[in-house]
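Enquirer: Submitted below is the structure of interest, expressed as structure tokens.
The values are calculated or read from the model by the stated rules, or taken from the named source; none is laboratory data. Because the structure is predicted, anything quoted here is derived from the model rather than measured. Glycine gets a Cβ as well: all are built from the backbone with ideal geometry, and neighbour counts include every protein chain shown. When the accessible area is computed, the model is the full protein with side chains, heavy atoms only, and any ligands, DNA or RNA have been set aside. Shrake-Rupley method; radii C 1.70, N 1.55, O 1.52, S 1.80 Å.
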Amino acid sequence: MTHDLATRWTLRAIAIAIAVLAALDPAIASKRRTKPAIAVAAMDSHRDSALADRVARELGKTFAVTRAPVSNAEGTVLVGNGLPSTSDEIATPVFAVLPERRPAVALNAVRAPAWTPREARVPVRAVAHIAGARGRTLEVTLSANGLIVDRVTQPVPSDDERVPVSLALVPTAAGVARLRLSAVLAGARDTVASDVAVDVRDQRWRVLFFDPRPSWMSTFVRRAVERDARFVVTSRVVTSRNISTDAGQPPGRLDDLAALGLFDAVVVGAPETLGDNDVVAIDAFLRRRGGGVVLLFDRRAPGRYDKLTNVDTWVDDSTGKTLSVVPINGDSATLRASDLAWPSHLPAGAEAIAHIVSPASDTGRAIVWRSAVGAGRLVVNGALDSWRFRDPTLSGFDRFWTTTIAEAASAAPAPITIHLATAVLAPGEESKIAVSVRDAELSGDRPSHSSVTATLESTTSGAAPISVRLQPSGAAGQFEGAIGAPILAGVYRVVVSADGNRAEAPVVVATNAMHPATDAPDLLTAWVNARGGRALSESRLGELTAALRQAIHPAPHLEIWNPMRSPWWIVPFALALSAEWWLRRRRGMA
């Protein structure tokens, strides 16, 4: 009897305690580690959805996965090759899973001069990015107005290859040449292409050859340039004191800055004989005119020119062994020389134009190189006796130097320079435009906004010119804006006027305009790297979990929970009351 009574009171106390605790609803705080939340998003809902499902299943073992970008996630995984349209809802760090690439080629960094003299060789260069095509052949063609003018083929050695390509044409008539660079892999149907426009003018580069003493190197380079229709050559060769051999009307001295400023490029033979005043004048020509200067050494000797080159130590090789000096850009116009000189270290910002290639692995020695001096370009020759090896069957001496001097002269800024992001547009398409006013840019003066005007004018119809709005871009003498292509196809010109000077640039409007392909995987890789993650290919999906765990360090967080709110408490509450009621009934109690 006493035992039953104690049992009934115990059961009743349990039920009452459960009821009281449920009424009080106590809260308990504790620190817990939960699965980090990871957002998985497919860049293309149709193309990338299957791969996104695989990624979600792989990560679901370790993380709490949501299938859409959310800002409060611990990280984000993008699936596909595209960039997100907005980054507002994307939590960092950001990783990317890239689908395995099919054999494909993209044309990047397509470059051609904005203008060229008639009957001049026009180089068109690009970088072909080839993916997944090991062992296949790449074919790149250049066409002008629909006719193929140059073609190169090259085997593809790996599945991720960047191949510089260089093609050229020689326009015979003045006007606007619309060029198309096309690339295709052998056996593939898809061709990628990019259009550029080059303004062919009846205008030539003005080049001054100035030799303080007779120089065979300068003599043979000058003869090659004189045979090239792109140049107007003026020269002075000092044969002895107060005696010189002149062609045209050269300045009597290099320190005549007004006369020197009439030229686009100055080629100096025997530069080791330059005096202090000459070096100061050349430096001023580079900085104030922005022209090109070529130093044609035919022997290595110390001189005042070191102030221009900024080279501390030179290395000489006069062993007599003939070596090939190959252009960096892949052009076939190689030099041959047996007497060489090069900097032990290139000055900061300098770049090689041509280097040594030999069985002894001498690559990397910059024999011909250039550096920026202010707005100008300084080109230095270290192939000292390359003039001895001019046989066109063995050497590209003439072509190498005419091309190098043409690039130096064409880089000299005109009074007004117009740069269009895209010169071949589809109707209604927009292109950015940048304008530089040389004198204001080099002097640091800021011309008034109203003194620089721009219009888009048709060359084939009598339509009224369209005004182009230009705004200062921040730096002195620089302006920027945008032009919209008219609806009617045809050839147009952007005309810019400033401080009494005038400049033009062609714009071709065509319904079939094509532009370089954006290298989306590379852009996406750079984008995720900047956000604390990295890009992995589909074949490396197994590494993603470890990479995320290394990048994400979720801290334990304080969690409040109410234990009495669990519905399972009804079970012990009901059992205690039922057992207490059953004991009472067994004893015949109400």
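Enquirer: Considering each of 195, 211, 160 in turn, give the residue that is touching a strand residue (DSSP E or B) at 6+ places or on another chain (Cβ under 9 Å) and surrounded by fewer than 20 Cβ atoms within 10 Å (Cβ to Cβ).
Expert: Going through 195, 211, 160 in turn, the sole match is 160.
Enquirer: Another question, then. Within the group 260, 274, 286, which residue is within 25 Å of residue 351 (Cα to Cα) and in contact with a Pro (Cβ under 8 Å, 6 or more places away or on another chain)?
Expert: 274
Enquirer: Could you tell me whether residue 409 is touching a Gly at 6+ places or on another chain (Cβ under 9 Å), outside any strand (DSSP E or B) and within 30 Å of residue 498 (Cβ to Cβ)?
Expert: Yes.
Enquirer: Suppose we filter region 133-157 for residues that are part of a loop (DSSP other than H, G, I, E, B) and either buried (at least 16 other Cβ atoms within 10 Å of the Cβ) or among the charged types (D, E, K, R) (or both); how many remain?
Expert: Residues that pass the stated criteria total 4.
Enquirer: Sort out which residues of region 328-342 are assigned to a strand (DSSP E or B) and either of a type in the set (Gly, Ala, Ser) or open to solvent by 10 Å² or more (accessible area, probe 1.4 Å) (or both), and write them in order of number.
Expert: 336, 337, 341, 342
Enquirer: I've got another one for you. Kindly provide the set of residues from region 56-74 that are under 21 Å from residue 553 (Cβ atoms) and in a helix (DSSP H, G or I), ordered by number.
Expert: Within region 56-74, 58, 59 meet the criteria.
Enquirer: Can you tell me which residues in region 479-500 are over 24 Å from residue 177 (Cα atoms) and open to solvent by 60 Å² or more (accessible area, probe 1.4 Å)?
Expert: 480, 499, 500 - these are the residues of region 479-500 that are over 24 Å from residue 177 (Cα atoms) and open to solvent by 60 Å² or more (accessible area, probe 1.4 Å).
Enquirer: Mind counting the residues in region 362-404 that are open to solvent by less than 20 Å² (accessible area, probe 1.4 Å) and part of a loop (DSSP other than H, G, I, E, B)?
Expert: 5
Enquirer: Oh, and also: From the set of residues in region 163-192 that are of a type in the set (S, T, N, Q) and open to solvent by 50 Å² or more (accessible area, probe 1.4 Å), which is modelled with the lowest pLDDT?
Expert: Restricting to residues being of a type in the set (S, T, N, Q) and open to solvent by 50 Å² or more (accessible area, probe 1.4 Å), the top hit is 191.
Enquirer: Residue under question is residue 480, and the condition is that it be in contact with a Pro (Cβ under 9 Å, 6 or more places away or on another chain) and either part of a helix (DSSP H, G or I) or at pLDDT 90 or above (or both); does it hold?
Expert: Judged against the criteria, residue 480 is a match.
Enquirer: Quick one: residue 328 ticks every box in (1) under 30 Å from residue 127 (Cα atoms); (2) out of contact with any helix residue (DSSP H, G or I) (no Cβ under 8 Å at 6 or more places or on another chain); (3) in contact (Cβ under 8 Å) with a residue 60 or more places away in the chain bar one, so which box is it?
Expert: Single failed check for residue 328: (3).
Enquirer: Next question, about the same structure. I want to confirm something. Restricting to region 442-460 and keeping residues that are open to solvent by 60 Å² or more (accessible area, probe 1.4 Å) and at pLDDT below 85, which single residue is farthest from residue 419 (Cα to Cα)?
Expert: 460
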